[in-house]
Amino acid sequence: MPRASTVFSILVLLTTSLFLPRLLHISRRFLTTMASSTEGDYQYTPGLHSVSYVTAPDEETAKKLAEGLVKNKLAACVNIIPSIFSVYEWKDEIQKDPEVLMMIKTRTSRLEDLTKFVRDNHPYEVCEVISTPIQHGNLPYLKWLGEIVPDK
């Protein structure tokens, strides 16, 4: 006759193998529902859109880049923030330069194209293009962003 601990182990193994996949499926659906936002018939999935930051030497350069990004449907909106000051190391020397910051809203799926456009049209030898996903925001704005910038 089997020992009680052996029977218990078999029951735990059987229960886990039968019910764990279903439990994981339910948990995943619950977390996805909790993570997404809904307004009317629009549902936003976190990370669908991103914000990219690009520095430029002056407003004229930033405006040209911004116009090209929006015209080419790589960005829905570009904010140009004047008068920032950057301190960084370049070629073994500390640099201190006035710059302009561009805050670019786009689809995450378009980041590679956006980065290529900036690199191809930027005067810096190595330009800054860094991005972070948008997790939450004003749903009508996020819907508009998705309508302006087509998915890749």
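I'm trying to understand the selection: among the residues of the stretch 83-123, which are under 22 Å from the mean Cα position of the chain (by Cα) and basic (Lys, Arg)?
Lys105, Arg107, Arg110, Lys116, Arg119
Residues Ile104, Ile80, Ile94: which one is open to solvent by 50 Å² or more (accessible area, probe 1.4 Å), of a type outside the set (Gly, Ala, Ser), in contact with a Phe, Trp or Tyr (Cβ under 9 Å, 6 or more places away or on another chain) and at pLDDT 95 or above?
Every option except Ile94 fails the conditions.
Among strands (runs of 3 or more DSSP E) lying entirely in the stretch 6-67, which contain 2 or more residues that are modelled with pLDDT of 80 or more? Outline the logic, then answer.
Values: elements: 37-39, 42-44, 49-56.
The strands (runs of 3 or more DSSP E) meeting that bar are 42-44, 49-56.
For residues in the stretch 45-62 being among the hydroxyl-bearing types (Ser, Thr, Tyr) and in contact (Cβ under 8 Å) with a residue 40 or more places away in the chain, which is surrounded by the most Cβ atoms within 10 Å (Cβ to Cβ)?
Going residue by residue through the stretch 45-62, those that are among the hydroxyl-bearing types (Ser, Thr, Tyr) are 45, 50, 52-53, 55, 61.
Subsequent filtering for residues that are in contact (Cβ under 8 Å) with a residue 40 or more places away in the chain retains 50, 52-53, 55, 61.
Details: Ser50: 19, Ser52: 24, Tyr53: 14, Thr55: 21, Thr61: 20.
Of everything passing the filter in the stretch 45-62, Ser52 is surrounded by the most Cβ atoms within 10 Å (Cβ to Cβ).
So if I check each of Ser86, Ser109, which one is touching an Asp or Glu at 6+ places or on another chain (Cβ under 7 Å), in contact (Cβ under 8 Å) with a residue 40 or more places away in the chain and surrounded by fewer than 17 Cβ atoms within 10 Å (Cβ to Cβ)? Walk me through how you get there before you give the answer.
Numbers: Ser86 fails: in contact (Cβ under 8 Å) with a residue 40 or more places away in the chain.
The conditions single out Ser109.
The values are calculated or read from the model by the stated rules, or taken from the named source; none is laboratory data. The structure displayed is predicted, hence computed values, not measured ones. Glycine gets a Cβ as well: all are built from the backbone with ideal geometry, and neighbour counts include every protein chain shown. What goes into the accessible areas is simple: the full protein's heavy atoms, side chains included, and nothing from ligands, DNA or RNA. Shrake-Rupley method; radii C 1.70, N 1.55, O 1.52, S 1.80 Å.
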